[in-house]
Amino acid sequence: MKASGLTEQEVTHFKSQVPQGEVIKKARVAELYMTVAPDHSDWSYSNTGIVSITKNTTTAYYQIHFYSLQEKRIVSTEELYIDMECSIYPHFFSFEGENCMIGFNFRADDNVNDFIKAFERALKKNKKRYNLDLQKEKFVQKQGIIRIFALR
């Protein structure tokens with residue numbers, strides 16, 4: 001992880017806040033912005049901290065966490081969903097979260113570009129995983145139907 005002015009203690013505490021069973025795939029310092037209800041057209045600054053992409057080692061699905069340097073805890077978690085789209089601007093990356101639009105303002109272009117590449121990789125892997133899970137579910141349902149007929 002690129003420290004970008006963080007102390008070793010801040011990085012260590014951040015890592016301790018990542019949920020057990022998740023592996024950090026990418027982490028960068030950024031500012032968190034969120035849209036304001038009801039129309040979600042205005043951005044509001046929320047926090048400065050560490051945005052990370054993590055992989056759940058049990059489900060193999062990815063999510064984004066935002067760790068606040070002020071509050072010293074994860075203040076936002078969003079799962080990467082199948083049809084997720086993002087908007088990319090110089091230093092700024094945004095996507096539709098569960099309750100509002102979420103944006104991250106990065107201090108350097110290489111940080112945003114690096115993060116976006118990791119985001120796109122994670123999204124692609126989530127889609128593959130989802131398709132595998134769907135195929136397994138269909139197979140199990142099909143096997144269940146065959147078993148029901150076999151028992152009759």
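Extension gain, T58 to K117: 0.36 nm times the residue separation minus the Cα-Cα distance gives 18.9 nm. For H13, neighbours were defined as the other residues whose beta-carbon sits under 12 Å from its Cβ, and their charges (Lys and Arg +1, Asp and Glu -1) total 0.
Whole-Hz Karplus values for segment 47-56 come out as 6, 10, x, 10, 9, 9, 9, 10, 10, 6 Hz, taken residue by residue from phi with 6.51 cos²θ - 1.76 cosθ + 1.60 and θ = phi - 60°; glycine and proline positions read x.
Here is the list for segment 53-116: GluC sites (Glu not before Pro) lying in DSSP coil, each with at most 13 other C-beta atoms within 10 angstrom of its C-beta, are E71, E85, E98.
The gain in end-to-end length when the K128 to K72 segment is fully stretched comes to 16.8 nm, 0.36 nm per residue minus the alpha carbon separation.
Read-outs: derived from the displayed coordinates by stated rules, not from any lab. Bear in mind the structure is a predicted one, so any value in this text is a computation, not a measurement. Note that each Cβ is placed from the backbone with ideal geometry, even for glycine, and that neighbours are counted across all protein chains shown.
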